[in-house]
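Some notes on the structure that comes next.
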Amino acid sequence: MDEKGAIANEKIGETPVPTYSNSYDEGQWRNNETWATRNGLSADSFKRAPGGVKGVELERSMKTRHLHMIAIGGSIGAGFFVGSGSALSRGGPATLFIDFLIMGVMIFNVVYALGELAVMYPVSGGFYTYSTRFIDPSWGFAMGWNYVFQWAVVLPLELTVAGLTVEWWGAGVNVGVWITVFYVFIILINTFGTLGYAEEEFWSSCLKLAATVIFMVVCLVLVLGGGPDNGIYNEYWGARLWYDPGAFRNGFKGFCSVFVTAAFAFSGTELVGLAAAEAKNPLKSLPGAIKQVFWRITLFYVLGLTFVGLLVPSDDDRLLGANPLIDVNASPFVLIGKDAGLKGFDSFMNVVILVSVVSIGVSGVYGGSRTLTALAEQGYAPRFFTYIDRSGRPLWSVTAILLFGALAYVNLDAQGPVVFDWLLALSGLAALFTWGSICLAHIRFRKAWAYHGHTLDEIPFKAIGGVYGSYLGLFLIALVLIAQFYTAISPIGTKVGTAETFFKSYLAAPVVLTFWAAGYFWKRTGWLRTPQIDVDTGRRELDWDYINAEREKHMMAPAWRRWTSMLF
């Protein structure tokens, strides 16, 4: 180790760098287990994995197809299909397009930065541990718990949306029954551990991808006036709604207010980095999966919501709904089918929404449980959350997140929606802090990487925008936080809001700061200076023969192929 590396290790002191083992040599015993035990279906599967707790030894059963579909469609749920209606109502079609485009540019850079870090340092709970390793252990503590609570709150939200989605068909059954049905389904999926999550995400993402393509083709026909005579789109429609009722609503406040809905819709995009720790060969599969995010942003969000803005008037009262994030009747995707007179199309989109929200519920358990396990590994959560069973599941972490799903039943009470609003306030801005931390961790990693004498050629997968992309992502996140602070103080329709409206919009910020302070007083560690950042411990052992062969093949390819390889 060089002199700078020695200084780094001396100055780290009591803040150990995470050294989670991702070598599967110690876990070969799983190959000798029965099929039922490996898949969590036997009594033995719930026993602790042998060998003690040496690190997070999760089941590495994800394949390339799983990672690719998690990247392209894994996080699309209520925020996109339902919340986009309230965003259209508040800001108008132009605001919907611009805000989601801005957030798309931001998340594009975030995911590429995460991909670079995840290929180099494959640890479970990745982006939280990157904050601990490259920024500040106290901030990492805050980001870890922030991420756990974000998903713990999203789970009951998605269960509620799923129940209300079924009631759209007028089944006449109490919504609590449907919440229970989907709650049991999510529990069963998690019984199968990593493979259950991966397969469910693969097939649900395939459905979401196919449905969105169908939706956009149908919308193109409707915009051109090809709708049936029993609907309103039986003549050339064009961009008339951008003129009347107008491209923008509620002025600058409307523009600012849509950002938080866009953030909620993009929440979960970072899960592909978390899943990389449980992939069979992330060095080969993760870069391709990261590139799929470009297509998700372009096809799903930007192009899909452009059609929404062309076909649904922003002053339509139906967009308001009983609750803009959980009332499926306010979904513009369903309203377009109704207004077009396309028999069954609204039901088809409702099925897609149902599958999407249940999928996000499964993702919530996955993301929250893996982060909770990583917190316990570093001593930031009770030690029993490090329990990994013989099928590779973080058993008690999964159980803890699943218990939060019971909060969905509060909506059955008359005061339930009030409680739920406050729960949503906890998760509203949580994702922005996570994404900002990923960008900052990438910036600090690059600085420490150069300080310790390494070159960029030693990084196998580099973020497409480099450190400048992370600076851009961090800048856009800061703008969104400022915009949300402005609308929290002065909501649409009033000059000055109340304390209640402020905290319902901005509660996540003081919660994160509280966690940050708690982490500091607990661990007594602060901002890491560049010499203190260790960039070598826990680094992935790379197959440089494969990497160099791929680089040589890339350099020999035609220019058009080199450009397209950035996106495919």
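The values are calculated or read from the model by the stated rules, or taken from the named source; none is laboratory data. Here the structure is a predicted model, which is why all the values come from computation and not from measurement. In this analysis, Cβ positions are derived from the backbone assuming ideal geometry, glycine residues included, and neighbour counts consider all displayed protein chains. The area values use the complete protein model at the heavy-atom level, side chains included, leaving out ligands, DNA and RNA. Shrake-Rupley method; radii C 1.70, N 1.55, O 1.52, S 1.80 Å.
Rounded to the nearest Hz, the phi-derived 3J(HN,Hα) couplings of region 492-497 under the Karplus curve 6.51 cos²θ - 1.76 cosθ + 1.60 (θ = phi - 60°) are 4, x, 9, 7, 9, x, where x marks glycine and proline.
For TYR130, TYR387, TYR468, TYR409, write out the residues from largest to smallest accessible area, computed with a 1.4 angstrom probe and no ligands counted.
Details: TYR130 10, TYR387 35, TYR468 180, TYR409 75 Å².
Sorted descending by solvent-accessible area, the residues read TYR468, TYR409, TYR387, TYR130.
Less than 5 angstrom separates the built amide H of SER490 from those of GLY497, all sequence-distant by 5 or more or on a different chain.
Length available on full extension from ARG65 to TRP422: 0.36 nm per residue minus the Cα-Cα distance, which gives 124.8 nm.
In order along region 291-296, the phi-based Karplus estimate (6.51 cos²θ - 1.76 cosθ + 1.60, θ = phi - 60°) of 3J(HN,Hα) comes to 5, 5, 4, 4, 6, 4 Hz; Gly and Pro are listed as x. Computed from label points 7 Å out along Cα-Cβ, the spacing between ASP457 and THR501 is 6.0 nm. A straight line joining the Cα centroids of region 494-528 and region 199-218 runs 37 Å. On the beta carbon distance between LYS447 and TRP169, with R0 = 56 Å, the FRET formula returns roughly 0.50.
One chain, two ends: CYS206 and VAL410. Fully extended at 0.36 nm per residue, the span grows by 70.2 nm beyond their Cα-Cα distance. Legend: distances between Cα atoms for LYS291/LYS338; LYS208/LYS338; LYS462/LYS553; LYS447/LYS553; LYS338/LYS495; pairs beyond 25 Å are LYS291/LYS338; LYS447/LYS553; LYS338/LYS495.
On full extension, the segment bounded by TRP295 and LEU479 gains 63.8 nm, given 0.36 nm per residue less the C-alpha separation. Sorted on the mean count of surrounding Cβ atoms within 10 Å across their residues, most packed first, peptides 351-362, 243-254 read 351-362, 243-254. Taken one residue at a time, the phi angles of region 108-122 give Karplus couplings (6.51, -1.76, 1.60, θ = phi - 60°) of 4, 6, 4, 5, 5, 4, 5, x, 4, 5, 5, 5, 6, 10, x Hz. Gly and Pro are set to x.
Label-to-label distance, THR537 versus TRP522, with points set 7 angstrom from Cα along the beta-carbon direction: 1.9 nm. Distance between the 7 Å Cα→Cβ label points at THR191 and LEU472: 4.7 nm.
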